[in-house]
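**Q** Before I ask anything, let me first share the structure, which is written out below as structure tokens.
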Amino acid sequence: MTRLSIGDPAPDFSLPTDDGRTVSLGDLRGRRVIVYFYPAAMTPGCTTQACDFTDSLSSLQAHGYDVLGISPDSPAKLAKFRDRDALTITLLSDADRSVMQAYGAFGEKKLYGKTVEGVIRSTFVVDEDGKVTLAQYNVKATGHVAKLRRDLGID
């Protein structure tokens, strides 16, 4: 599995949203984008992380960041997730996990002491030119957004 590093070009993608649109990373050139990968909508850790991003969204946007959350869930499940938790971030479906693989966010990981294959909770910051400026793998759901804000210099 290849992992991305600072300075690497961020792999482009076009993925469906929970509301029937398609979002392409390339269409966001000129903006800074936080792309985060999470295992499954409506699970405790993923809900905590999505709610934390939603709570921080206006502040992140004020500092020039868009937020894209990507999971292997179907658009219909993502829509239920958005409605249930009043999420305002953009949720994308990577059903075939190809984007996750391109980012190194899918592969072997430890889960309750066992080695399994799955989504590796990861976060990337992509600059206005499409380059990776931050690549974090195996992040914790709880407290991650606060740590990311500190890493980005946002109080």
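**Q** In the range 127-143, how many residues are touching a helix residue (DSSP H, G or I) at 6+ places or on another chain (Cβ under 6 Å) and crowded, with 16+ Cβ neighbours inside 10 Å? Break it down into steps so the answer makes sense when it comes.
**A** Filtering the range 127-143 down to residues touching a helix residue (DSSP H, G or I) at 6+ places or on another chain (Cβ under 6 Å) leaves 141-142.
Adding the requirement that they be crowded, with 16+ Cβ neighbours inside 10 Å leaves 141.
Total meeting the criteria: 1.
**Q** Still on this structure, I have one more. Among the residues in the range 60-77, are any touching a residue at least 60 places away in the same chain (Cβ under 8 Å) and over 23 Å from L134 (Cβ atoms)? Quick ask: steps written out before the conclusion?
**A** The initial filter retains those residues of the range 60-77 that are touching a residue at least 60 places away in the same chain (Cβ under 8 Å), namely 60, 63, 65.
Cutting the leftovers down to over 23 Å from L134 (Cβ atoms) gives us none.
No, the conditions are met nowhere in the range 60-77.
**Q** Also: Can you tell me which residue is surrounded by the fewest Cβ atoms within 10 Å (Cβ to Cβ) among those in the range 78-103 that are aliphatic (A, V, I, L, M) and without any contact (Cβ under 8 Å) to a residue 40 or more places away in the chain?
**A** Initial filter on the range 78-103 (aliphatic (A, V, I, L, M)): 78-79, 86-87, 89, 91-92, 95, 99-100, 102.
So of that shortlist, the ones also without any contact (Cβ under 8 Å) to a residue 40 or more places away in the chain come out as 86-87, 89, 95.
On the way: A86: 8, L87: 20, I89: 22, A95: 12.
Once the filter is applied, the top-ranked residue is A86.
Yes or no, residue by residue, for (1) within 15 Å of F124 (Cα to Cα); (2) in contact with a Ser or Thr (Cβ under 8 Å, 6 or more places away or on another chain); (3) at pLDDT 95 or above:
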| position | (1), (2), (3) |
| --- | --- |
| P11 | yes, no, yes |
| L28 | yes, no, yes |
| P44 | no, no, no |
| C51 | no, no, yes |
| T54 | no, yes, yes |
| Q61 | no, no, yes |
| S74 | no, yes, yes |
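**Q** Still on this structure: Take the conditions modelled with pLDDT under 95 and of a type in the set (A, V, I, L, M) and apply them to A102. Does it pass? So that I can check it myself, show each step before the final result.
**A** Working: modelled with pLDDT under 95: no; of a type in the set (A, V, I, L, M): yes.
For A102, the condition - modelled with pLDDT under 95 and of a type in the set (A, V, I, L, M) - is not met.
**Q** Is it true that some residue in the range 29-38 is over 22 Å from L87 (Cα atoms), among the small types (G, A, S) and surrounded by fewer than 18 Cβ atoms within 10 Å (Cβ to Cβ)? Outline the logic, then answer.
**A** Narrowing the range 29-38 to residues over 22 Å from L87 (Cα atoms): 29-30.
Of the ones still in play, those that are also among the small types (G, A, S) are 30.
Okay, now just the ones that are also surrounded by fewer than 18 Cβ atoms within 10 Å (Cβ to Cβ), so 30.
Checked against the condition, which is being over 22 Å from L87 (Cα atoms), among the small types (G, A, S) and surrounded by fewer than 18 Cβ atoms within 10 Å (Cβ to Cβ), the range 29-38 yields at least one hit.
**Q** Could I ask something else about it? Out of the residues in the range 92-132 that are in a strand (DSSP E or B) and more than 25 Å from P16 (Cα to Cα), which is farthest from the chain's Cα centre (by Cα)? I'd like the intermediate steps shown before the answer.
**A** Keep residues of the range 92-132 that are in a strand (DSSP E or B), which gives 92-93, 106-111, 114-119, 122-126, 131-132.
In the following step, the residues that additionally are more than 25 Å from P16 (Cα to Cα) were identified as 108-111, 114-116.
Details: E108: 18, K109: 17, K110: 20, L111: 20, K114: 24, T115: 23, V116: 21 Å.
Looking at the filtered set, the residue picked out is K114.
**Q** For L111, indicate whether it is among the hydrophobic types (A, V, I, L, M, F, W, C), free of Cβ contacts under 8 Å to residues at least 60 places away in the same chain and under 21 Å from R3 (Cα atoms). Step through it out loud before you land on a result.
**A** Working: among the hydrophobic types (A, V, I, L, M, F, W, C): yes; free of Cβ contacts under 8 Å to residues at least 60 places away in the same chain: yes; under 21 Å from R3 (Cα atoms): yes.
Judged against the criteria, L111 is a match.
**Q** Separate question: Kindly provide the set of residues from the range 30-42 that are in contact with a strand residue (DSSP E or B) (Cβ under 7 Å, 6 or more places away or on another chain) and either among the β-branched types (V, I, T) or farther than 15 Å from R121 by Cα (or both), ordered by number.
**A** Within the range 30-42, R31, R32, V33, I34, V35 qualify.
The values are calculated or read from the model by the stated rules, or taken from the named source; none is laboratory data. On a predicted model such as this, the values are computed, not experimentally measured, just so you know. Every residue, glycine as well, gets a Cβ built from its backbone with ideal geometry; the counts of neighbours run over all protein chains shown.
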